[in-house]
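Student: Quick one: the structure is below, questions incoming.
What follows draws every value from the coordinates through simple rules; no lab data is involved. Not measured: the values here are computed from a predicted model. Here the Cβ positions follow ideal geometry from the backbone for every residue, glycine too, while neighbour counts run over all protein chains shown.
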Amino acid sequence: MEKKQCRCTVVAHLLAIIVLVVSIERGSCITEDGEKDRVSELPGGNSLNVSFAHYSGYITVNKESGRTLFYWFFEAVEDPSSKPLVLWLNGGPGCSSIAYGLAEEIGPFHVKPDGKSLYLNPYSWNQVANILFLDSPVGVGYSYSDNPQDLLSNGDARTAQDSLVFLKKWFKRFPQYKGRDFYLAGESYAGHYVPQLAQVIVRSQKLAEENSINLKGYMVGNALTDDFHDHLGLFQFMWSTGLISDETYNLLNVFCDFQSFVHTSPKCDKILDIANDELGNIDQYSIFTPSCTSNGTSSKRLLKRLHQVGRIGESYDPCTEKHSTIYFNLPEVQKALHVDPAVAPLNWSTCSDVVSENWRDSPRSVLDIYQELIREGLRIWMFSGDTDAVIPVTSTRYSIDALHLPTVTPWHAWYDDGQVGGWTQEYKGLTFVTVRGAGHEVPLHKPKLALALIKAFLSGSPMPTLSSSDVANYDAVNPIRTVISNQIPTW
């Protein structure tokens, strides 16, 4: 009897090993904690009939104070085991990656105007990668701390360290992604978060015996990079597009040019208030599209908070932030996402004023980090929507110029379906891409172009240009171009 039981036990163990090996090869090896985080049903989305799995939950990054970060992870639509992993971060500081990056930009689910139902984003980035959204730091979205003082002492350095701890623990929960090609992406104040996190990852991996985080590179959009150059470019952009007066432009350059974006002086604040009054009721994050007038958002807060509004399908909807606020406050939604009622915010909001108004350390520049990581050989891309008046294209170009990088491929247009999608230049160690007609949140206004952007970035390929057949077709319907080009002398 004992021998029979022993043989049965051996067989059972062998079967378990076989199942484990098969599941690993299929890329579906998930720990028990990971399986508990699986989202089985999502209110308002039951009719979407998606094929990919997604997970949401908490990871504690500091047991002593109870600092705990909330994530939502989406496997790629097809063959997730062969796709890279991308972590997306929004900024603020104090704004939710769930609210912006997921719900109105690159995520597979977006919120309809009723605030209760969802629709599929046809340009979701999980078509080309496994996408992980993180609400960081504590106090943002559903992320929390047992110690209320933590919400009053957030800053860049602790945010990077907490995010590193999160990643190490997340990879233990989802071990099939250990060693997978890994990229960071984000926008706005994530222009600090992303390179800072990349830096601590690179440094920690050099010291670690086990390299579970296979960081290959990062990409940031309309990113806060260097306060001086960002201010210089911002004031020039607002003045050149006719948004502010000559007098205000001069005053901004006198009182704000050497100011911190996060910690401004009272004199600078006064001039910023004047600038906001001159701007009128426009969306500073997308100056040529309508602004939302139904949620009471004041333009006076725009220069102080690096986030914005939304879109549905191909019809622009400037009030998506309002829709998300309704949806993520629904008890049934929070239950489906495994939000603990004991720690859930009384009122979920897209951004936390408590976090942003009590932000501690915020260095004036992260260009030194770029220089360090360029030497490490990471793939680094910066992109910029060219209708943003918060961190405009001029600001990013000034910051890149300050790096004094040699040019590899000169400035030229890139194309999508035969139309100019923007412009790009490749430097030694960095690629810059503009997206034509996009605002602060590029995937919000130009989702198709944003998908082309992430495809090129992940593949390490240049942005697409016109094919020879495209050029021939264009010349056929634009004979004047051929005539003029033939008359240009060769020097």
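Student: What is segment 31-461's relative contact order, in percent, from Cα pairs under 8 angstrom and six or more apart in sequence?
Tutor: 20 percent
Student: While we're looking at this one, here's another question. Per the Cauchy relation, a quarter of the hull surface: what is the mean projected area of the convex hull of the alpha carbons in segment 31-461, in nm²?
Tutor: 19.6 nm²
Student: When R203, R67, R180 are ordered from fewest to most other Cβ atoms inside 10 Å of their Cβ, what list results?
Tutor: Ascending Cβ contact count within 10 Å gives the list R203, R180, R67.
Student: I've got another one for you. Aspartates and glutamates near K216 by alpha-carbon distance under 17 Å, same-chain residues fewer than 8 away left out - which ones?
Tutor: Correct list for K216: D181, E372, E376.
Student: If the cut-off is a Cα-Cα distance under 17 Å, which lysines reach K267, setting aside same-chain residues fewer than 8 apart in sequence?
Tutor: K300, K304
Student: Now for a separate question. Could you calculate, for segment 149-224, the ratio of the Cα radius of gyration to the Kirkwood radius, expressed as Rg to Rh?
Tutor: 0.99
Student: Which value in nm describes the separation of the simple spin-label points at S47 and K216, placed 7 Å from the Cα toward the beta carbon?
Tutor: The two pseudo-label positions are separated by 3.8 nm.
Student: Follow-up. Grab the beta carbon distance between V420 and L120, set R0 = 30 Å, and tell me the FRET efficiency rounded to 0.05.
Tutor: My answer for the efficiency is 0.60.
Student: Sticking with this structure for a sec: Give me the number: length gained by fully extending H263 to D340, i.e. 0.36 nm times residue separation minus the C-alpha to C-alpha distance, one decimal in nm.
Tutor: 24.3 nm
Student: How charged is the neighbourhood of G57? Take every other residue with its Cβ under 10 Å from the Cβ of G57, and add Lys/Arg as +1 and Asp/Glu as -1.
Tutor: With Lys, Arg at +1 and Asp, Glu at -1, the neighbours total 0.
Student: Please tell me which of these pairs span more than 22 angstrom C-alpha to C-alpha: K335/K455; K63/K172; K36/K116; K178/K206?
Tutor: On the way: K335/K455 34 Å; K63/K172 17 Å; K36/K116 24 Å; K178/K206 16 Å.
Result: K335/K455; K36/K116 exceed 22 Å.
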